[in-house]
Amino acid sequence: MRSVVGKLAVAGVLLGTAAWAGTTSPVGGWRTIDDNTGKERSIVRINEVNGELQGMVEKIFDRPGDDPRHLCKNCKGERKDKPVVGMTILWGLKKDGDEWSDGEILDPDNGRIYRCKVTLSEDGVRLNVRGFIGISLIGRTQTWHREP
């Protein structure tokens, strides 16, 4: 009986450690919030590829007047008129101390690409995503919420 309890305790510690370790990285699903309405807008899945973060839109929450196809009408080049769901909108972010920086982010609403950096909250449940032009002072920050 003791060995079973001991094994369960070790398994619990290992699972708890694995769950905690997952919150120290932006890798995972994130719920974005619309700047104008304050309502959830999309789910973005962030993955690490060759040491860089990339984010792809997994789902869009419709708002009144949305085209149900959710095409990137204002995008340029290969993204023009392509579905936003499945599109990589965040790329090139590299770990730099407590943040990931030197990346870019696409705003599918206006088709513009901005420089980007992200910072994870201490508890790992919020991601501050800063898009900017030139220097970081000229831009805006959104707070994304980790998907359960």
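The values are calculated or read from the model by the stated rules, or taken from the named source; none is laboratory data. Model, not experiment: these values are computed from the prediction. Ideal geometry is used to build each Cβ from the backbone, glycine not excepted, and the neighbour counts take in all protein chains shown. Note: areas computed on protein heavy atoms with side chains; ligands, DNA, RNA excluded. Shrake-Rupley method; radii C 1.70, N 1.55, O 1.52, S 1.80 Å.
Miscellaneous remarks
- A simple count of charges around Gly134, restricted to other residues whose Cβ falls under 14 Å of its Cβ and scoring Lys, Arg +1 and Asp, Glu -1, yields +3.
- Listed values (1) 11, 37, 30, 12, 7, 3, 0; (2) 10, 27, 18, 10, 8, 11, 10, 4, 0; (3) 12, 44, 37, 8, 0 include one computed from this model; for P(r) over Cα pairs in 10 Å bins from 0, in percent that value carries the label (1).
- Full-extension gain in nm, Val49 to Asp98, via 0.36 nm per residue minus C-alpha separation: 15.8 nm
- Note on Val85 and Thr23: with the Förster distance fixed at 25 Å, the Cβ-Cβ geometry gives a FRET efficiency of about 0.45.
- In terms of its C-alpha gyration tensor, segment 63-140 has a prolate overall shape, because the principal axis ratio a/c (a ≥ b ≥ c, square roots of the eigenvalues) is not below 1.5 and a/b outweighs b/c.
- Segment Arg69..Arg140, full-extension length gain: 22.8 nm, with 0.36 nm per residue of separation and the alpha-carbon distance subtracted.
- Helix 2-22 axis, angle to the chain major axis (alpha carbon atoms, nearest 10°): 20 degrees
- His70, His145, reordered so the largest accessible area comes first (probe 1.4 Å): His145, His70
- Per-residue surface analysis assigns Arg126 an accessible area of about 100 Å², computed on protein heavy atoms at 1.4 Å probe radius.
- Relative contact order of the chain, taken over Cα pairs closer than 8 Å and 6 or more residues apart, is 18 percent.
- With Cα atoms defining each centre, segment 72-98 and segment 22-38 are spaced 15 Å apart in the structure.
- Percent accessible area from carbon and sulfur atoms, segment 35-148, protein chains only, probe 1.4 Å: 49 percent
- Peptide ranges 100-106, 50-56 listed from the most packed, as the mean C-beta count within 10 angstrom indicates: 100-106, 50-56
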